[in-house]
Amino acid sequence: RESEIRFSRAFYGNPAAMAILSLPDDRIAYVNDAWVRLFGHSRADAVGQTPGTLGFQRLGRPSEIQKLLDGPVREQQVTIRTKSGDILDIILSLERIEVRGEESVLAIAIDITDRERAEEALRMSERRWRSVFDNSAIGILCADPALRVTYANRALQELWGYSEQELSRLTIRDITHP
């Protein structure tokens, strides 16, 4: 009884979206508040339904529930459509558990949509920076804290007459007037 109380507190108080599905019918038995907030379905609407009947659309992925036949599913990145139609990138883990004598699946979902968007924005920014750096008519170099040349664009190499390899062995002190 005490272990059920501890599990219940950990489940309902967890900041990760969690659901327990009964096997073999994959019906949702329990969802926590984080699951309700993330996916937009009320607890009353979710319990007793399957993920499919709730309109969850997994975009281009095989069923993770089927993968459970071979063992637990750990930290699989999946894309899912919520009740409102938003598309989320989530990390999904599934584990077989027993709840009150019935075989079940504990599903844990962590929303990484913002992280994925930030990483893509960073990649785009890096591409833009690299393009400006590489294609500039003005000589540009970058150096590390020890003043070693780490990058030099083609314009700087032509201006100073050093190859990229030669510059990588030099510091700013080596190539500037005292």
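The values are calculated or read from the model by the stated rules, or taken from the named source; none is laboratory data. Treat the numbers as computed from the prediction; the structure is a model and nothing was measured. Counting neighbours? That spans all protein chains shown, and the Cβs are built from the backbone with ideal geometry, glycine included. Quick note on the areas: whole protein, heavy atoms, side chains included, nothing else; ligands and nucleic acids left out. Shrake-Rupley method; radii C 1.70, N 1.55, O 1.52, S 1.80 Å.
In this structure the chain gives 65 Å² per residue of accessible area when probed at 1.4 Å with all protein chains present. Taken over the alpha carbons of the chain as equal point scatterers, the Debye sum produces base-10 log I(q)/I(0) values at 0.09, 0.17, 0.18 Å⁻¹ of -0.53, -1.03, -1.14.
Spin-label model, GLU158 to ARG123: label points 7 Å out along the Cα-to-beta-carbon direction sit 3.2 nm apart.
Taking only C-alpha pairs under 8 Å that are 6+ residues apart, what is the relative contact order of the stretch 81-178 in percent? Present the calculation step by step, with values, prior to reporting the outcome.
On the way: 102 pairs, mean separation 15.7, N = 98.
For the stretch 81-178, the relative contact order is 16 percent.
Normalising the average separation of contacting C-alpha pairs (under 8 angstrom, six or more residues apart) by the number of residues puts the relative contact order of the chain at 14 percent.
Tell me the mean residue ellipticity at 222 nm calculated for the chain from its helices only (DSSP H runs of n ≥ 4, each -39500 (n - 2.57), averaged over every residue, nearest 500).
Details: 8 runs with 65 residues, N = 178.
So the calculated ellipticity at 222 nm is -10000 deg cm²/dmol.
Within the accessible surface of the chain, defined with a 1.4 Å probe on protein heavy atoms only, the carbon and sulfur portion equals 51 percent.
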